[in-house]
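Heads up, the thing below is written out as structure tokens.
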Amino acid sequence: MRVGVHTSIAGGVENAVDHARRIGCDTFQMFSANPRGWKAADPEPEACERFRRARAAYGQNPVAVHANYLLNLASAQPVIRRMSIAAFRRELGRALALGADYVVIHPGSARGGEAASARAALVDSLAEAARDLPLNGLQILVENTAGQGSALGRRLEEVAEILAAAKGLPVGACVDTAHLFAAGYPIHTPEGLEETLRALDQTVGLRNVRLIHANDSKSAFGSRVDRHEHIGKGWIGKEAFGRLVRHPQLASLPFICETPVDRPGDDRRNLRMMRALAAGGPAGFPALPHRRSKIGSRCSA
Ligand SMILES: [Zn+2]
Ligand SMILES: [Zn+2]
């Protein structure tokens, strides 16, 4: 099993790889700049070089960059869409400079427009942002969403449609467990997990899934509310997470937790929980005291 967390770039991009190694990640995800600003400064070339060297030395694989939350490549508003395309082109440039394997994006929102034209706009935006960039193996992963508001990507059919329309680009899928659950895919029951994996294979295709975002859910089944919880502490629960991480169709994929950090050590505890579940259950694993999280989702749709 390859497991990791979303790590912070506070103090410089190379801190993300150091932190990932220190807490025992095999793989990790990061932002490449401030995820909530349009005018994010790019990391210095020397910092990217240090990052690439450290990442290779520590054997962290794969490395995913999560795109800025403000992007809406599917927007019906020309100004927002233009800004999103320019910002995403810079995302791709930073991911290339860092030698990342994946850039994860949310499909965006159809707010003020039809879902079908929003999907078409997204695909055009991706092509425009990537135009003439040598992507050198970098892949763009479209993430399924909880379907909050008018967010695209709640249904796996819709993610599949986007991937099919963008097939001229190096695209794949990132599957977020909390988003699946909140979107109404019953991954918390044994039959529901099988049913969901069948649906995933028939739509997106399991061969196109590159990465799992392993998050428990703080919001209820089918709520369409995107709020992440510590592994085993949310509505999906420990037992269901055990089935998920041990499932033969998923076990070879990298798992990255985007779980809250409410107090120091939470990332390490979630990693330990993932490994304990992969090894057959959390037996002997000390129970965490139940507590309320102050910080919600790190991956809002
Ligand atoms: Zn996610
Ligand atoms: Zn996300």
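No value in this document is a laboratory result; all are computed from the given coordinates. All values derive from a computational prediction rather than experimental measurement. Note that each Cβ is placed from the backbone with ideal geometry, even for glycine, and that neighbours are counted across all protein chains shown.
Looking at the P(r) of the stretch 166-205, how many percent of alpha-carbon pairs lie beyond 15 Å?
Details: 356 of 780 pairs.
Roughly 46 percent, once rounded to a whole number.
Give the order of Ser125, Ser223 when sorted by the count of other beta carbons within 10 angstrom, beginning with the fewest.
Ser223, Ser125
Would you calculate, for the chain, the mean residue ellipticity at 222 nm contributed by helices, counting each DSSP H stretch of 4 or more residues as -39,500 (n - 2.57) and dividing by all residues, to the nearest 500?
Theoretical 222 nm ellipticity from helices: -12000 deg cm²/dmol.
Along Cα→Cβ, 7 Å out, is where each label goes; now give me the distance between the ones at Leu206 and Ala220 in nm to one decimal.
3.2
Under unit Cβ charges (Lys, Arg +1; Asp, Glu -1), what dipole magnitude, rounded to 20 debye, does the chain have relative to its Cα centre? It would help to have the intermediate numbers written out before the result.
Values: 39 positive and 30 negative charges, 141 e Å.
For this selection, approximately 680 debye.
Express in whole angstrom the spacing between the alpha-carbon centres of the stretch 38-82 and the stretch 151-192.
Answer, in whole Å: 22.
Can you list residues from other chains, or at least 5 along the same chain, whose modelled amide H is less than 5 Å from the amide H of Leu141?
Hits under the 5 Å cutoff: Val103, Val104, Ile105, Gly172.
Sum up the lysine pairs in the chain that clear both bars: alpha-carbon distance under 26 Å and a spacing of 8 or more or different chains.
Lysine pairs meeting the criterion: 5.
Which of the peptides 47-54, 151-158 is most tightly packed, and how do the rest follow, judged by the mean count of other Cβ atoms within 10 Å per residue?
151-158, 47-54
Could the peptides 208-220, 13-25, 109-121 be put in order, highest first, of the mean number of other beta-carbon atoms found within 10 Å of their residues? Numbers along the way, then the final one.
Working: 208-220: 23.5, 13-25: 20.4, 109-121: 17.2.
Going from most to least packed, we get 208-220, 13-25, 109-121.
Bins of 20 Å, beginning at zero and ending with the bin holding the largest distance: percent of Cα pairs per bin for the chain, please.
With a bin width of 20 Å, the distribution comes to 36, 60, 4.
Ranking His188, His228 by Cβ neighbours within 10 Å, fewest first, what do you get? Before the final figure, lay out the partial values.
On the way: His188 23, His228 30.
Final ranking by Cβ density, sparse to dense: His188, His228.
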